[in-house]
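Have a look at this one.
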Ligand code: IVH
């Protein structure tokens, strides 16, 4: 029997995939650009999963602009430098209304009697980035860098949801420029997470945005909720629209995110009003702004106004004043860090500065206190510039009963002697057993990326050290369930979990153990090189300073520090305890030896004509060679591509052989 059904064509997998992508793109746009989602996150995820499944069944249909392709790239070894299509110059600043009016007078003078408009936009506090589209497809993202050349952050930018991977409708070559930002909420959350994991806090959302974009592993960028606000649109190398306001409107139509708070001003008075309004209301925004950018609207007029060497004459950045407030210094206290440095800090009568209650700020060291002339009881001006971290600007009024601060002669934590070395600003506690130093060193040992002992946070370490349960890091491995459950805020379940994590950390490889020891100047990379060069901890411990310098990136200063560390009795005892706890003391570098390039160290620089940097690295390593990040006398070959810089100069200085990609391929030839 013939039914209608037989004549209905079933969509091909390609059509199904296309349709899903179209829907997903639409919902990404609604969510990330318009902030107006129409479906739940779960529905979105389900749709994405369906697409991923289909693509898995039909790998030939996967395209780079598919919503499934946002995170996929592997971590990179470094960023490739890219020259901008035209320089990304910066703006001249205007501080205060008068300077803004000066700018307007210059514009009026140059334009004669012609009428003109300004477009006023918020000056978002992030980092600027250019994004290129070829044939309507996301192709490359480059940070501003020095304005002439930036870093290729394509894989990381691909993970930012407000950057469309395909442009709606339009084909051709497009470039957009804009600002990558992290909103205040995401910034706070990131800092809280960092704190919990014993990592550094970011000083402000701008640094956090930069730190999230310029990471080698795109999956980190993906986890950070960055946003991209655009403000310039180019087509085939030229401004795509006749006016800035049309550019903003077109950007939005193309699927980009723009800040909604822009306005077209008929004259300077309107512009001044816009600036004053946002200076007053900046704290109501979800993201940090540090001013207003005013641009002459007409591109024809912009062209007539032209550029100076570093900035356009047709635009200005009106900078907000730093948020400041006066308060009283109630005390000056001292904090002791991992390296024993005593850092003085001011304790304020709490004061609200731009929505944040400030009650503490660092005074850095004795010299800074002297420079400020600050004493306890003084009224001071405190400011939060772009930075969330407050600072004392100056003394406003000396207190009636002011008291000078003196750096303590004895450590406030252990009572040990303190010294300020000749020519140094820092004062240190000399007692290597100081509990303050111990706490910091335990936290470092347990940190993420070091020994990864989850759950060993600051409050807990305080208790462990103060109760004498942990006198050095090796003591962690002797902790018992009974001891832990007696501590404050420690249930049986979390105690057992912690013990599990401590147990698991015994298996970390030697480079991590080395990093965990907290040897001055030995971080993650150096620890890795040391482990690779020596293969076991005993060899490192007994090596001379000269021998230590055999390892990549170890110079005289670092060698001296390592040598000195292992010659302190206390540290040798610690190592013996760790050996007893069966931590990894030997290391076998992932199969390198034996290949045609065994024993050779390469440094890659510039863009190679055919190979991606990661591929070149992977192939060198597969052939037994090593790839280092910087040129030193241990480098055997520098492989140079296009647009090389300092590394090449350094190689020439050191007389190291420089080869091109073809020569590298020839060396690899026959090894594969
Ligand atoms: S226009 C030559 N517009 O501020 C044109 N910049 O001080 C310069 N910025 O490097 C860019 N919001 O990182 C422009 N709406 C906006 C902006 C903005 C933030 C940043 C950008 C630029 C810096 C200039």
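Just so it is clear, none of the values below were taken in a lab; they were calculated from the coordinates. Computed from a predicted structure; not experimentally measured. Cβ placement follows ideal geometry from the backbone for every residue including glycine, while neighbour counts extend to all protein chains displayed.
Only bridges whose two residues both fall in the chain count here: according to DSSP, what percent of them are antiparallel, nearest 5?
On the way: 78 of 92 bridges.
In the chain, approximately 85 percent of DSSP beta bridges are antiparallel ones.
So, one more: Compute the Kirkwood hydrodynamic radius of region 528-672, taking the inverse of the mean of 1/r over all pairs of distinct Cα atoms, and give it in Å to one decimal.
Values: mean 1/r = 0.0595 Å⁻¹.
Taking every pair of different Cα atoms in region 528-672, averaging 1/r and inverting gives 16.8 Å.
Still on this structure, please answer the following. Over all directions, how big on average is the projection of the convex hull of the alpha-carbon atoms in the chain, in square nanometres? Numbers along the way, then the final one.
Values: hull surface 162.8 nm².
Value for the chain: 40.7 nm².
Taking region 250-336 as the region of interest, what is the percent of Cα-Cα pairs per 10 angstrom bin, listed from the shortest bin to the one with the maximum distance?
Histogram of Cα-Cα distances, whole percents per bin: 12, 32, 30, 12, 8, 4.
Separate question: Bins of 5 Å, beginning at zero and ending with the bin holding the largest distance: percent of Cα pairs per bin for region 176-268, please.
The percentages, shortest bin first, are 3, 12, 18, 18, 13, 13, 11, 7, 4, 2, 0.
Dividing the alpha-carbon radius of gyration of region 362-436 by 2.2 N^0.38 Å (N being the number of residues), what value is obtained? Display every interim value, and only then the final one.
Details: Rg = 14.8 Å, N = 75, 2.2 N^0.38 = 11.3 Å.
That ratio works out to 1.31.
Output the antiparallel fraction of DSSP beta bridges having both residues in region 563-672, as a percent to the nearest 5.
Values: 1 of 11 bridges.
Taking every DSSP beta bridge with both residues in region 563-672, the antiparallel ones total about 10 percent.
While we're here: If you wrap a convex hull around the Cα atoms of region 296-357, how much volume per residue is inside, in Å³? Write out the running numbers ahead of the final one.
On the way: hull volume 11.7 nm³, N = 62.
It is 189 Å³ per residue.
Based on alpha-carbon atoms only, what is the radius of gyration of region 191-337 relative to the globular estimate 2.2 N^0.38 Å?
Working: Rg = 20.1 Å, N = 147, 2.2 N^0.38 = 14.7 Å.
Rg over 2.2 N^0.38 Å, computed on Cα atoms: 1.37.
Based only on other Cβ atoms within 10 Å, what is the fewest-to-most ordering of 661, 195? Don't skip to the answer; put the middle values down first.
Details: 661 19, 195 13.
So the ranking, lowest neighbour count to highest, is 195, 661.
Same structure again: If the viscosity is 1.567 mPa s and the temperature 4 °C, what Stokes-Einstein diffusion coefficient in µm²/s follows for region 370-493 when Rh is the Kirkwood radius over Cα pairs? Working shown, then result.
On the way: Rh = 18.1 Å.
Value of D from the Cα-based Kirkwood radius: 72 µm²/s.
Over all alpha-carbon pairs in region 526-604, figure out the percentage whose distance exceeds 15 Å.
Result: 61 percent of Cα pairs exceed 15 Å.
How large are Rg and Dmax for region 46-195 when calculated on the C-alpha trace, in angstrom?
Rg and Dmax of region 46-195, Cα atoms, are 20.5, 66 Å.
Defining a contact as two alpha carbons under 8 Å apart and six or more residues distant in sequence, what relative contact order in percent does the chain show?
Working: 1197 pairs, mean separation 61.7, N = 672.
The normalised contact order for the chain reaches 9 percent.
When N counts the residues of region 330-378, how does its alpha-carbon radius of gyration compare numerically with 2.2 N^0.38 Å, as a ratio?
Details: Rg = 11.9 Å, N = 49, 2.2 N^0.38 = 9.7 Å.
Dividing the Cα Rg of region 330-378 by 2.2 N^0.38 Å gives 1.23.
Taking each pair of distinct Cα atoms in region 231-298 once, what is the resulting Kirkwood hydrodynamic radius in Å? All intermediate terms of the calculation are to be shown ahead of the outcome.
Values: mean 1/r = 0.0747 Å⁻¹.
Averaging 1/r across every pair of different Cα atoms and inverting gives 13.4 Å.
With just the Cα atoms of region 426-582, tell me how far they stretch along each of the three principal axes, in Å, largest first.
Rounded to whole Å, the extents work out to 50, 36, 24 Å.
Next question, about the same structure. What's the center-to-center distance, using Cα atoms, between region 271-348 and region 463-511 in Å?
Each part reduced to its Cα centre gives a spacing of 45 Å.
Here's another thing I want to ask about it. Find how much the distance from residue 536 to residue 570 grows on full extension, using 0.36 nm per residue of separation minus their present alpha carbon separation; answer in nm with one decimal. Walk me through the numbers before you get to the answer.
Numbers: separation 34, 0.36 × 34 = 12.24 nm, distance 2.00 nm.
Taking residue 536 through residue 570 to full extension adds about 10.2 nm, to one decimal.
Given only helices, namely DSSP H runs of n ≥ 4 each adding -39500 (n - 2.57), what is the per-residue ellipticity at 222 nm of the chain, to the nearest 500 deg cm²/dmol? Provide the component values of the computation, followed by the final result.
Values: 25 runs with 241 residues, N = 672.
Value at 222 nm, helices only, nearest 500: -10500 deg cm²/dmol.
Once the Cα gyration tensor of region 130-192 is found, what semi-axes does its equivalent ellipsoid get, as square roots of 5 times the eigenvalues, in whole Å, sorted largest first?
Values: eigenvalues 118, 49, 16 Å².
Result for region 130-192: semi-axes of 24, 16, 9 Å.
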